[in-house]
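The values are calculated or read from the model by the stated rules, or taken from the named source; none is laboratory data. Values in this document were obtained by computation on a predicted structure and should not be read as measured data. Neighbour counts run over all protein chains shown; Cβ positions are idealised from the backbone, glycine included. For accessibility, only protein heavy atoms count, side chains too; no ligands or nucleic acids. Shrake-Rupley method; radii C 1.70, N 1.55, O 1.52, S 1.80 Å.
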Amino acid sequence: MRIVGLDIGLRRIGVAISDATCTLARPLVALRTTGLDANALDVAAAEIARLSQEDDGVASIVVGLPRHLDGTPSAMTP
């Protein structure tokens, strides 16, 4: 099983995936969205569903926490 990482943005959602041993990760794709609305959720869910159908499957999903480079919360941090 693999781990999928999501980096949520206003225009794109970055998707990364680990190898089958969950040791290394690599960038996979940047999904385009129309904003942080139902479209973003649908696009991300479709990609995760696609990845889960592959031979190695998906064990977990990790969503990044948006922060500035100095570690302080950004406008997108909940």
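The set of residues from the range 32-78 being open to solvent by less than 50 Å² (accessible area, probe 1.4 Å) and charged (D, E, K, R) comprises just one member, Glu47. If you filter the range 1-19 down to residues that are in contact with a Lys or Arg (Cβ under 8 Å, 6 or more places away or on another chain) and either of a type outside the set (A, V, I, L, M) or over 14 Å from Ile61 (Cα atoms) (or both), you find that the one that is most open to solvent (accessible area, probe 1.4 Å) is Arg11. Is it the case, given these coordinates, that Arg26 is in a strand (DSSP E or B), free of Cβ contacts under 8 Å to residues at least 12 places away in the same chain and loosely packed, with under 13 Cβ neighbours inside 10 Å? The answer is yes for Arg26.
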